[in-house]
Amino acid sequence: MTGPKVGRPDDTVNEHNQPIGYPVPTWTERRRAPRTAMEGRYVNIEPLEPRRHGNDLFTAFAADADGRDWNYMVVGPFATPQAMAGWMQLSCLGEDPLFHAIVDRKSGKAVGLASFMRIDPKAGTMEVGNISFARELQGTRGATETMYLMARRALDELAYRRYEWKCDALNAPSRKAADRLGFAFEGIFRQALVYKGRNRDTAWYAILDYEWPAIRAAMETWLDPGNFDAAGVQKSNLSKLVAEALASIR
């Protein structure tokens, strides 16, 4: 029998000696995610505006000449700027999903997309999804900072309890990214979706509020300019930093 997890109370029993979840007496409904920018050191994350970001995004995504980066996305690839703009106007301007463009601070150009979605203020849960990074953003500090800034909004600024990541269970790069960023794997929902004429089993991951401070500290250590040498090579690995930070919590 192990003790309670750090930052999380024990479950308890009711007057009938039935096990019940631990009390959350001060819980109140949270705000919805605001349509405002998030500023970082390497990227800014801005509410998506098709007229402002659309051409930059189409140009950036065009580096993926064979469209393989869209394989696990519900939409795409887009053959023309007009096709992408049409999709944005139809699907990307609502409150849920709440789409954002990732803008590289050096170039000022939009180089990726991500959204908050399945937002439930009463339960305090939301998901990060529709993540599509152009080749120039993939594997960069800006890509990691994007995920840091969005998690910080959900779990710090809005004080949600649960922050989710879901992907096709066959999408190995997405699952590796979830692990690296500190999301805990929770299981596979079989035959969860049909998209692009094929089945999708969905892998579920999440970060909980009491886990976030340790993950946040690990991400901030990794993102610090001092973690990179003159050639831009990392000194500390994020997966290792996150694993060490979570060792006493999970």
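The values are calculated or read from the model by the stated rules, or taken from the named source; none is laboratory data. Here the structure is a predicted model, which is why all the values come from computation and not from measurement. Methodologically, a virtual Cβ is constructed for each residue, glycine included, from the backbone with ideal geometry; neighbour enumeration extends over all protein chains shown. Please note that ligands, DNA and RNA were not included when accessible areas were found on the heavy atoms of the full protein model with its side chains. Shrake-Rupley method; radii C 1.70, N 1.55, O 1.52, S 1.80 Å.
Tell me, what is the FRET efficiency for residue 75 and residue 20 to the nearest 0.05, using R0 = 41 angstrom and their Cβ-Cβ distance as r?
Numbers: r = 42 Å, r/R0 = 1.03.
Using R0 = 41 Å, I get an efficiency of 0.45.
If I model a spin label as a point 7 Å beyond the Cα along the Cα-Cβ vector, how far apart are those points for residue 243 and residue 83 in nm?
Once both label points are built, they end up 4.1 nm from each other.
Label point 7 Å out from residue 236 along Cα-to-Cβ: which residues of the stretch 145-164 have amide N under 14 Å?
Under cut-off, by backbone N: nothing.
Between residue 13 and residue 198, what's the calculated FRET efficiency when r is the beta-carbon distance and R0 is 51 Å? Round to 0.05.
Numbers: r = 46 Å, r/R0 = 0.90.
So, using R0 = 51 Å, E works out to roughly 0.65.
Can you work out the Karplus-derived ³J(HN,Hα) for every residue in the stretch 233-248? Use 6.51 cos²θ - 1.76 cosθ + 1.60 with θ = phi - 60°, whole Hz, and x for glycine or proline.
8, 5, 8, 10, 7, 5, 4, 5, 4, 5, 4, 5, 5, 8, 4, 8
Answer rounded, prolate or oblate for the stretch 18-66, using the Cα gyration tensor with square roots of eigenvalues a ≥ b ≥ c: rounded when a/c is under 1.5, else prolate when a/b is larger than b/c, else oblate.
Details: a/c = 3.58, a/b = 2.44, b/c = 1.46.
Verdict is prolate for the stretch 18-66.
May I ask you to evaluate 6.51 cos²θ - 1.76 cosθ + 1.60, the Karplus curve with θ = phi - 60°, for each residue of the stretch 57-65 and list the ³J(HN,Hα) values in order in whole Hz, giving x for glycine and proline?
Rounded to whole hertz, the list is 5, 4, 5, 5, 5, 5, 5, 8, 5.
Give the dimensionless ratio obtained when the Cα radius of gyration of the stretch 14-152 is divided by 2.2 N^0.38 Å. Mind dumping the intermediate values first?
Working: Rg = 18.1 Å, N = 139, 2.2 N^0.38 = 14.3 Å.
Here the Cα radius of gyration is 1.26 times the empirical estimate.
Skipping prolines and chain starts, which residues have an amide H placed within reach, meaning under 5 Å, of the one on residue 211, given they are 5 or more residues away or on another chain?
Result for residue 211 returns nothing.
For the chain, what does -39500 (n - 2.57) per DSSP helix run (n ≥ 4), summed and divided by total residues, give at 222 nm, in deg cm²/dmol to the nearest 500? It would help to have the intermediate numbers written out before the result.
Values: 6 runs with 65 residues, N = 250.
Mean residue ellipticity, 222 nm, calculated: -8000 deg cm²/dmol.
Quick check: with the 1.4 Å probe, what order do 27, 87 take by accessible area, largest first?
Details: 27 70, 87 40 Å².
Greatest to least solvent exposure: 27, 87.
Classify the stretch 83-157 as rounded, prolate or oblate from the Cα gyration tensor: take a ≥ b ≥ c as the square roots of its eigenvalues, call it rounded if a/c is under 1.5, otherwise prolate when a/b beats b/c and oblate if not. Don't jump to the answer; show the numbers that get you there.
Details: a/c = 2.43, a/b = 1.21, b/c = 2.00.
In terms of gyration-tensor shape, oblate.
Carbon and sulfur together cover what percent of the accessible area of the chain at a 1.4 Å probe radius? Walk me through the numbers on the way to the answer.
Numbers: 6880 of 13350 Å².
Carbon plus sulfur share of accessible area: 52 percent.
Please compute the contact order of the chain in relative form: average sequence separation of alpha-carbon pairs under 8 Å and at least six residues apart, divided by the residue count, as a percent.
Values: 400 pairs, mean separation 41.7, N = 250.
Once normalised by length, the contact order is 17 percent.
So, R0 is 22 Å and r is the distance between the beta-carbons of residue 62 and residue 172; what FRET efficiency does that work out to, to 0.05?
It comes to 0.35.
Would you mind computing the Rg to Rh ratio of the stretch 180-228 from its alpha-carbon coordinates, Kirkwood style for Rh? Please list the in-between numbers first.
On the way: Rg = 16.1 Å, Rh = 13.3 Å.
Reported Rg/Rh (Cα atoms, Kirkwood Rh): 1.21.
Kindly work out what percent of the DSSP beta bridges joining two residues of the stretch 71-171 are antiparallel, to the nearest 5. Mind dumping the intermediate values first?
Working: 12 of 16 bridges.
Taking every DSSP beta bridge within the stretch 71-171, about 75 percent pair in antiparallel fashion.
If the stretch 21-97 were replaced by its equivalent ellipsoid, with semi-axes equal to the square roots of 5 times the Cα gyration tensor eigenvalues, what would those be, largest first, whole Å? It would help to have the intermediate numbers written out before the result.
On the way: eigenvalues 209, 52, 40 Å².
After scaling each eigenvalue by five and taking roots: 32, 16, 14 Å.
Hey, can you grab everything whose amide H is under 5 Å from the amide H of residue 195? Only 5+ residues off in sequence or another chain; H modelled, so Pro and N-termini drop out.
200
Among DSSP beta bridges whose residues both lie in the stretch 122-250, state the antiparallel percentage, nearest 5. Walk me through the intermediate numbers first.
Numbers: 16 of 20 bridges.
Just about 80 percent of them are antiparallel.
Taking θ = phi - 60°, what integer Hz values does the Karplus form 6.51 cos²θ - 1.76 cosθ + 1.60 yield along the stretch 35-49, in sequence order, with x for Gly and Pro?
8, 9, 6, 10, 9, x, 7, 10, 9, 10, 10, 10, x, 5, 10
Per residue, how much accessible area does the stretch 1-78 show when a 1.4 Å probe rolls over the protein heavy atoms, in square angstrom? Spell out each step's value before the answer.
On the way: 5430 Å² over 78 residues.
Each residue of the stretch 1-78 exposes 70 Å² on average to a 1.4 Å probe.
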